[in-house]
Amino acid sequence: MSSRRSRSRQSGSSRITDEQISDLVSKLQDLLPEARLRSNDRMPSSRVLQETCNYIRSLHREVDDLSERLSELLATSDMSSAQAAIIRSLLM
Amino acid sequence: MDTKSTPPPRPHQIPNPSRPDFLACWAAASPSKPMLAFHFLRALSRIHGVTTVRRRTRTIRRAAYSSMARAASPRRAWSRALLGQARARRSRTLTGRAVLLRRRRITAAAPPQPSSPASRSATIIAARGEISTAAARPLPPRQEGEPPRADALRRLVPGGAGMEYCSLLEETADYLRSLRAQVQLMQGLIDLFSCQ
């Protein structure tokens, strides 16, 4: 108890407690794709941050790859008719 | 590349009423799929006459990040940072072109180039949203309890440099959700396109 109080006193102006930070870290852990594989035991926060960085980087790479495929597809197909069909199927 | 099946939708977490409002509003809505689709498709429909595959890829990637930022709530710092980057890129390209035109009028010998190689590489890096091309700000450690890994995270999340550790975690989660929704949307579009 006293250790937590002294820690919050050390952090000075920020009133965020360690509990809130660990809550946020566990929520981040739930977002990771591996959360489904292992049991939802708490990973150390450094591990969560590392996995989050890797996940964000892989998502960036995937966006690059998908935009390349999209640009190739847009070159070949007719935009307007395909677009109408897609909008219809996506929004209904 | 093997086709990726879309992951099943996650059940929404019901915010605990006993927790402070700070956490309750954070566990709120995931990005709206129709808004994401609307912004992205509108950006795609504006692409015409760009012939090179490489330039079209770059335009589509930028459109993906911009539409992701527009579909998100403007409360989000990463959304504002992405839109600010896009705006800066557009104004920088315009000023670059104005400088080139002036130089061309003076010399009248240089071959016409769309953008100088230096600015092009800078825009590519900025488009990735990973490094800020304006004077590289030293990332100050905001709190003592902040782990060293947060430095890499700050560089990855747009606008993450000037945030406190707590807001950084919050923004990261929202950015992750939006990124995932954007990837799902693009994958779905590709599937639809290739079936036609």
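A compact table of results
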{"item": "Some residue of the stretch B:94-109 being modelled with pLDDT of 80 or more and either open to solvent by 30 Å² or more (accessible area, probe 1.4 Å) or over 25 Å from B:LEU156 (Cβ atoms) (or both)", "result": "no"}
{"item": "Failed criterion for A:GLU68 (all others in (1) at pLDDT 85 or above; (2) within 15 Å of B:ARG149 (Cβ to Cβ); (3) open to solvent by 50 Å² or more (accessible area, probe 1.4 Å) hold)", "result": "(2)"}
{"item": "Positions within the stretch A:31-46 being modelled with pLDDT of 80 or more, in a helix (DSSP H, G or I) and touching a helix residue (DSSP H, G or I) at 6+ places or on another chain (Cβ under 9 Å), in sequence order", "result": "A:LEU31, A:PRO33, A:SER45"}
{"item": "Test: B:GLN85 is surrounded by 12 or more Cβ atoms within 10 Å (Cβ to Cβ), farther than 25 Å from A:LEU59 by Cβ and either more than 14 Å from every other protein chain (Cβ to nearest Cβ) or modelled with pLDDT of 50 or more (or both)", "result": "no"}
{"item": "Lone unmet requirement of (1) more than 28 Å from B:ASP151 (Cα to Cα); (2) within 10 Å of chain B (Cβ to nearest Cβ); (3) open to solvent by 40 Å² or more (accessible area, probe 1.4 Å); (4) at pLDDT below 85 for A:ARG88", "result": "(2)"}
{"item": "Checking A:GLN50 against (1) loosely packed, with under 13 Cβ neighbours inside 10 Å; (2) modelled with pLDDT of 85 or more, the condition it does not meet", "result": "(1)"}
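The values are calculated or read from the model by the stated rules, or taken from the named source; none is laboratory data. Source: prediction; values computed, not measured. FYI the Cβ positions are ideal-geometry reconstructions off the backbone, even for glycines, and counts take in every protein chain you see. Note: accessible area is taken over every heavy atom of the protein model, side chains too, but ligands, DNA and RNA are not part of it. Shrake-Rupley method; radii C 1.70, N 1.55, O 1.52, S 1.80 Å.
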